[in-house]
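All remarks here apply to the structure that follows.
The values are calculated or read from the model by the stated rules, or taken from the named source; none is laboratory data. Remember, it's a predicted structure, so these values are computed and weren't measured experimentally. FYI the Cβ positions are ideal-geometry reconstructions off the backbone, even for glycines, and counts take in every protein chain you see.
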Amino acid sequence: MATSTTAATSEQDQRGRALYDLDRTTVFASKADPRFAYCLYVPPDLAERDEKPELIVAMHGTGRGFIGYRDAFAEFARWHNCIVLAPLFPVGVCGDGYRDGFKYMREGSIRYDEALLAMVDEVGARYGLDFHRFGLFGYSGGGHFTHRFMLLNPKRLWAASIGAPGSVTLLDPSRDWWVGTRNLHALFGVEPDLPAMREVAVQMIVGAADLDTWEITHREGGRNWMPGANDAGRTRPERLAALRDSFAAAGIAVRFELVPNMAHDGIRAVPRVQDFFADILARRRGSAAACAA
């Protein structure tokens, strides 16, 4: 009887894992902070593959469409042997309805870069993998997150795709965060690590028709207002170009894509982002194979 019960339990566990932990998974609360959640795409035949998968994190924007981004990367991840992690940082986690906390990395006692790294570690533990470095994509609010995460944690990334952020943090030691990096150490305990940033493959992507300014113009008295808040440019293409120029001045190579006839549309940008990741994955795996030989 005990053996039969054990076998039945094992079969239930296997079926539950196949249904909820593989392919397009259910939504998990983060163990480190259950206010935050994530879903995954995991290749269904993960256990049968000889090559270790890579991790790609797809960060949502202000609309929090995290499942949509997970699904947009699913087929890519299946064919390129990747796991996709799509986090969810909800609006108003401090009870005040604030939408933008994750974009600027700090909100009250929350460090959003650390919250993501805890999720990455949790996913690695669940599947018996080590994701010390991963690829990160974010569009709009996710583009805010992606380039600021890279500023704080460049050694954790092999690639960063920065899509159409409404505001940018330039590598400017003469201005405070978030406009510049002068007080980065005081706020986050790190200095800009330019050599490490130069090792990250960087794409910046924005639509040439992404010209609305109503959401991105900072006004005095606003929660994110500070002197210089609008100095990087008026539109998203102008601001992303300023970020590119800031990176270039620091010796950080950027693949800059101004997409014709595209407005503010993160899902439409995904195929170009996937082309970028495919190129970097091919180089990364080619280098690993050469070293192994």
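General remarks:
- All conditions but one from (1) of a type in the set (A, V, I, L, M); (2) under 19 Å from residue 115 (Cβ atoms); (3) surrounded by 20 or more Cβ atoms within 10 Å (Cβ to Cβ) apply to residue 77; the one that does not is (2).
- For the range 43-78, a residue qualifies if it is within 17 Å of residue 137 (Cα to Cα) and either modelled with pLDDT under 95 or among the β-branched types (Val, Ile, Thr) (or both), and the qualifying residues are 56, 57, 62, 67.
- Search result, residues across the range 174-203 that are more than 18 Å from residue 153 (Cβ to Cβ) and hydrophobic (A, V, I, L, M, F, W, C): 179
- Residues of the range 90-113 satisfying the condition of being more than 16 Å from residue 215 (Cα to Cα), of a type outside the set (Asp, Glu) and touching a Phe, Trp or Tyr at 6+ places or on another chain (Cβ under 8 Å): 90, 91, 92, 93, 102, 105, 106, 111, 112
- In the range 204-215, the qualifying residues are those that are of a type outside the set (Asp, Glu) and surrounded by fewer than 23 Cβ atoms within 10 Å (Cβ to Cβ), and the one that is farthest from residue 259 (Cα to Cα) is 214.
- From the options 126, 78, 64, residue that is in contact (Cβ under 8 Å) with a residue 24 or more places away in the chain and part of a loop (DSSP other than H, G, I, E, B): 64
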